[in-house]
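Colleague: First, the structure itself, so that you have it in front of you.
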Amino acid sequence: MSTDWKVSGTYFEACSCEAPCPCNFLGPPTEGECKVVLAWHIDHGRYEGIDLSGLNVAMFGYAPGHMQHAKWSVALYTDERASAEKANALARIFSGQDGGHLGALGPFIGTVLGVKAAAIEYAAEGRKRSMSIAGVADASVEAIEGQGGRVAEVHNAPFTVVPDVPLVASRASRMRYDDYGFKVDISGRNGYYSPFTYQG
């Protein structure tokens, strides 16, 4: 029996590839592997009768080669403000267990490093996005300006974590991650942000 759920809000990511990330266009990562930090802020969300509005979720992903061929390792972080019931709902949605677009990405995952509650901060201000996972990660991106002073956008990317909306091409001023044996501390690489809606 399918579960009724829907979440929407804003998301961003920062990764180790040069901008724009070739993985979104079915190419190999810039340096042969891709490390990515993603964060979502849920403006409106429900899972059956459970209200998920206002909560944050984050993820770290590592692909040791071409994202279409190499199995990923991922770690999921749920908002520590969530009750056990809400944390379980977040974990099921964002791990893809209950279908939707994230469920379609499930076959690419080879290893789940872990799922844990954490203090996750998320901020969206103008053309900037930032996040932190206490003691684990922080990342910030800013939109790349296109012609006419408008943000540069990627429409209908072949491979993306958020379908059906333009991705704002961005550059990461910082991406730091330290957990599960992975250590990353880089700047000036790829980023994207956009609204998102997932449902199952």
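The values are calculated or read from the model by the stated rules, or taken from the named source; none is laboratory data. All figures in this text were calculated on a predicted structure; none of them were measured in a lab. Neighbour counts are summed over all protein chains in view; Cβ atoms, including those assigned to glycine, are modelled from backbone coordinates with ideal geometry.
Colleague: Tally time: how many residues in the range 119-137 are assigned to a strand (DSSP E or B) and either surrounded by fewer than 19 Cβ atoms within 10 Å (Cβ to Cβ) or in contact with a Cys (Cβ under 6 Å, 6 or more places away or on another chain) (or both)?
Modeller: 5
Colleague: Identify, please: which residue in the range 1-20 is among the acidic types (D, E) and over 16 Å from N56 (Cα atoms) and is, among those, modelled with the lowest pLDDT?
Modeller: It comes out as D4.
Colleague: Residue by residue through the range 25-39, note down the ones that are touching a strand residue (DSSP E or B) at 6+ places or on another chain (Cβ under 9 Å) and of a type in the set (G, A, S).
Modeller: Matches in the range 25-39: A39 only.
Colleague: Examine the range 178-196 for a residue that is surrounded by 15 or more Cβ atoms within 10 Å (Cβ to Cβ) and modelled with pLDDT under 95, and state whether such a residue exists.
Modeller: No, every residue in the range 178-196 fails to be surrounded by 15 or more Cβ atoms within 10 Å (Cβ to Cβ) and modelled with pLDDT under 95.
Colleague: Then there is this: Quick check on my filter: what residues within the range 146-171 are among the polar types (S, T, N, Q) and in a strand (DSSP E or B)?
Modeller: Once the filter is applied, which keeps residues that are among the polar types (S, T, N, Q) and in a strand (DSSP E or B), the range 146-171 yields only S170.
Colleague: For a quick check of your reading: which strands (runs of 3 or more DSSP E) sit entirely within the range 1-88 and have at least 2 residues that are among the hydroxyl-bearing types (S, T, Y)?
Modeller: The strands (runs of 3 or more DSSP E) meeting that bar are 5-15, 72-79.
Colleague: Continuing with this model, one more query. Give me the pairs: first residue in the range 10-24 and acidic (D, E), second residue surrounded by fewer than 20 Cβ atoms within 10 Å (Cβ to Cβ), beta-carbon distance under 7 Å, and six or more apart or on different chains, which are they?
Modeller: Within 7 Å, the pairs are E18/T30.
Colleague: Also, I was wondering about something else. Just a yes or no: is a residue in the range 167-178 farther than 22 Å from G106 by Cβ, touching a Pro at 6+ places or on another chain (Cβ under 9 Å) and among the aliphatic types (A, V, I, L, M)?
Modeller: Checked the range 167-178: at least one residue is farther than 22 Å from G106 by Cβ, touching a Pro at 6+ places or on another chain (Cβ under 9 Å) and among the aliphatic types (A, V, I, L, M).
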